[in-house]
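Worksheet for the structure shown next.
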Amino acid sequence: MSLLPTTIELLARARADLRMGVPIVMGNQLVLPVETVSKERIATLRAASRPLTLAMTAWRAQTLKARIYDGDIARIEVPEDAPLSWMQALADPADDLSTPMKGPLKSLRGGTAEVEKTAITIAKTAQLLPCVLSTPLWPGLDTREFTKINPRAAQNALATAGHLVPVVAANLPIEVSEAGRLHVFRPEDGGEEHYAIEIGRPSRSEPVLTRLHSACFTGDVLGSLKCDCGPQLRGALAQMGAEGEGVLLYLNQEGRGIGLANKMRAYFLQDQGFDTVEANHRLGFEDDERDFRIGASLLKSMGFTKIRLLTNNPRKVNMLNECGMQVVERVPLKVGEGRFNKDYLATKAEKSGHLL
């Protein structure tokens with residue numbers, strides 16, 4: 001076995017580099033994140049007379065009225081005199097309403113966009129705005145210290161459900177049940193750990209009451225009234241406590257998988273009048289970026305194959321069934337509606353198909 005890092009391990013390095021604004025090498029191109037790149041690095045590229053291409057998702061391009069020639073992304077030619085602030089304004093919609101005209105934007109067509117597409121996916125998994133800069137490598141550039149990613153290998157690794165390693169499990173009495181047990185799982189890709197709270201000792205041969213709950217710092221911890229996450233978390237645990245058994249998976253996929261910082265960006269856009277889905281699209285994200293395969297993987301590793309799923313989201317039912325779990329019943333969880341989140345819940349019902 002080689003001691004060199006695998007593609008999955010290199011992707012973990014690449015995510016860390018991009019979060020710090022450090023370039024990575026992908027194929028024959030140098031890639032930088034628009035959100036975190038420094039003025040000094042842009043100046044270095046300009047001093048080397050490097051042409052810059054800015055790549056964004058089709059959702060963001062639609063908002064900016066930019067032409068889309070590469071399917072789910074658009075490549076924009078960066079003018080030679082464009083400041084970093086202009087590039088970051090293309091990535092971040094915070095000032096779209098006050099400064100709507102960002103162009104004219106010249107979209108590139110022809111050639112391959114494989115590097116840019118892969119780089120945007122990596123940026124998403126790093127919980128950065130999905131917008132990157134790229135420039136071809138040039139003679140004399142010393143790339144020895146850069147993380148190097150093979151685009152095709154990265155695509156295959158990103159499309160494969162990551163393996164989750166059980167780290168530890170210990171008894172944890174909680175308010176709803178003294179017979180609580182917390183399991184901690186660590187993904188092999190260096191991402192955030194996920195947790196399973198087991199109530200009682202449910203049989204592995206019978207359907208178990210189950211909740212897949214995505215982390216929500218604002219709702220679960222702060223008691224935010226903008227969503228129904230906190231009431232759903234407490235309601236699910238209370239129902240499991242009342243029945244004497246159940247499994248709650250606490251998945252670290254904040255903000256439907258876009259991360260807390262981007263969720264707050266979406267909240268800022270909601271304050272401007274956009275709904276949840278519109279805000280995600282303006283940021284360049286899909287309606288929902290979560291990976292429900294994680295939940296199926298955790299349940300299988302714990303020995304469960306049949307579940308009664310506490311959810312109002314039919315997509316969760318379908319995704320878990322597709323991942324080999326048998327959802328024998330969907331158990332509604334309708335709690336937490338109030339005046340601050342009624343529009344949010346209405347959007348979930350209308351645009352995301354939640355049964356509320």
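The values are calculated or read from the model by the stated rules, or taken from the named source; none is laboratory data. Computed from a prediction, not measured in an experiment: that's the story for all the values here. Positions of Cβ are backbone-derived with ideal geometry, glycine not excepted, and every protein chain shown enters the neighbour counts. Just so you know, the surface numbers come from the protein's heavy atoms only, side chains and all, with ligands and any DNA or RNA stripped out. Shrake-Rupley method; radii C 1.70, N 1.55, O 1.52, S 1.80 Å.
Quick notes
- Pair Leu260, Glu322: separation of 7 Å Cα→Cβ label points (nm): 3.0
- Remark: the chain carries 48 Å² of accessible area per residue (probe radius 1.4 Å; ligands, DNA and RNA excluded).
- Entry note, the chain: the mean residue ellipticity at 222 nm calculated from DSSP H runs of n ≥ 4, each adding -39500 (n - 2.57), is -10000 deg cm²/dmol after division by the residues and rounding to the nearest 500.
- Global form of region 183-233, assessed from the alpha-carbon gyration tensor, a/c cut-off 1.5: oblate
- Separation of the Leu137 and Glu192 label points, Cα + 7 Å toward Cβ, nm: 3.4
- For Arg152 and Lys334, a Förster radius of 56 Å and the Cβ-Cβ distance give a FRET efficiency of 0.80, rounded to the nearest 0.05.
- For the chain, radius of gyration divided by Kirkwood radius, i.e. Rg to Rh on alpha-carbons: 1.01
- Each Lys and Arg Cβ is given +1 and each Asp and Glu Cβ -1; about its Cα centre, the chain then shows a dipole of about 400 debye.
- When a 1.4 Å probe is rolled over the protein heavy atoms, the share of accessible surface on region 127-190 that falls to carbon and sulfur comes to 53 percent.
- Measuring spread by the Cα atoms of region 84-205 yields a radius of gyration and Dmax of 22.5, 65 Å.
- Compared with the alpha-carbon gap, the fully stretched path from Val184 to Ala169 is longer by 4.8 nm at 0.36 nm per residue.
- In terms of its C-alpha gyration tensor, region 1-134 has a prolate overall shape, because the principal axis ratio a/c (a ≥ b ≥ c, square roots of the eigenvalues) is not below 1.5 and a/b outweighs b/c.
- Counting only protein chain heavy atoms and rolling a 1.4 Å probe, the accessible areas of Lys39, Lys106 rank, largest first, as Lys39, Lys106.
- Cα gyration tensor shape for region 88-152, rounded if a/c is under 1.5, else prolate or oblate: prolate
- Annotation for Asp81 and Ala161: the two label points, set 7 Å from Cα along the Cα-Cβ direction, are 5.4 nm apart.
- Here the extension length gained between Leu3 and Phe268 equals 90.9 nm, from 0.36 nm per residue of separation less the Cα-Cα distance.
- GNM top mover of Ile42, Ile149, Ile120 - the chain, alpha-carbon springs below 10 Å: Ile42
- Residue-level accessible surface for Leu137, protein heavy atoms, 1.4 Å, Å²: 60
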